[in-house]
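Note sheet for the following structure.
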Amino acid sequence: MTFTFPAAVAWDPIGKQAVKNTSFQAFATADTGFVTPLTITDTFGNPIPGNILNSGTQGVFPEFENATNPTVVITDPSRTYVWTVTAVMADASVAAFVGQSGSSTKTAVKNAITDEINDPTSPARVSLSATYAGLIQLAKNPDTLIAGAVTVDGSDLVTSAAVLWPDGSPGTLTITARHATGAVNAYNITYGSPVTKTFTQPTITRNSNGAATNVPQIVVS
């Protein structure tokens, strides 16, 4: 199966700006030393010269494909910027189903999608799981997603902020609970406009000093 990665903003969360005219390469997530760049193609299957993704004058990665990895890491030669990106889900079984004569009804497509997603070994299910896993990891570190207006309370503590996901999707971070020390106890981050997913951090347990003693997993809804 070939995995397709959408065009995305090369966003610098520290500088709060797009990284323009910079060359990047994609690596497998297991290749933590960035030793072997992945072979990538355009969406027509044509090899991308040098396997280089250039962010161009707008600071946007082009759409690309890789044959083996549903999630990849994109970085520049100096490793100044490192993003983990996940492929969009491609439902090959549905495409094949619709291509059959007399089978392209709404019910047939719905059943094909259900079968594909319910099969834990299917490419679509694997890709979907990888997508959620990658976004959940980002949601665990909301500071890295903030890009835009930030609202604070009378104590200058953040109450909400605009966020930008690596694929260019907008969202909003909302702090829903804080500890007496000011530490964040719970929050949620939306994804997309209109919102297609919400990542919620259930209440974190902290001791009297504010140190976390129990951190529940992010919930996706």
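The values are calculated or read from the model by the stated rules, or taken from the named source; none is laboratory data. None of these values were measured; they are calculated from a predicted model. No Cβ is skipped: glycine too gets one built from the backbone with ideal geometry, and neighbour counts run over all protein chains shown. These accessible areas exclude ligands, DNA and RNA; they are computed on the full protein's heavy atoms, side chains included. Shrake-Rupley method; radii C 1.70, N 1.55, O 1.52, S 1.80 Å.
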* To do: Could you tell me whether the stretch 22-40 includes any residue that is among the β-branched types (Val, Ile, Thr), buried (at least 18 other Cβ atoms within 10 Å of the Cβ), in contact with a strand residue (DSSP E or B) (Cβ under 6 Å, 6 or more places away or on another chain) and within 19 Å of Leu164 (Cα to Cα)?
  => no
* Asked: Inside the stretch 181-213, can you point out the residues that are farther than 19 Å from Leu138 by Cα and of a type in the set (Ser, Thr, Tyr)?
  -> Thr181, Thr205, Ser208, Thr213
* Asked: Of the residues Gly182, Gly168, which single one is part of a loop (DSSP other than H, G, I, E, B), open to solvent by less than 70 Å² (accessible area, probe 1.4 Å) and touching a Gly at 6+ places or on another chain (Cβ under 9 Å)?
  -> Gly182
* Quick check: is even one residue across the stretch 76-83 more than 24 Å from Pro142 (Cα to Cα) and not acidic (Asp, Glu)? -> yes
* To do: Mind listing whichever residues of the stretch 153-165 are polar (S, T, N, Q) and exposed (fewer than 12 other Cβ atoms within 10 Å of the Cβ)?
  => Ser155
* To do: Output the number of the condition that Val150 fails; it satisfies all remaining conditions of (1) of a type outside the set (Ser, Thr, Tyr); (2) modelled with pLDDT of 90 or more; (3) in a loop (DSSP other than H, G, I, E, B); (4) open to solvent by 60 Å² or more (accessible area, probe 1.4 Å).
  => (3)
* Structure fact -> Those residues of the stretch 9-64 which are hydroxyl-bearing (Ser, Thr, Tyr), under 18 Å from the mean Cα position of the chain (by Cα) and over 25 Å from Gly148 (Cβ atoms) amount to Thr29
* To do: Could you list, in sequence order, all residues of the stretch 185-198 that are hydroxyl-bearing (Ser, Thr, Tyr) and not in a strand (DSSP E or B)?
  => Ser193, Thr196
* Asked: How many of the residues making up the stretch 1-17 are open to solvent by less than 30 Å² (accessible area, probe 1.4 Å) and among the small types (Gly, Ala, Ser)?
  -> 2
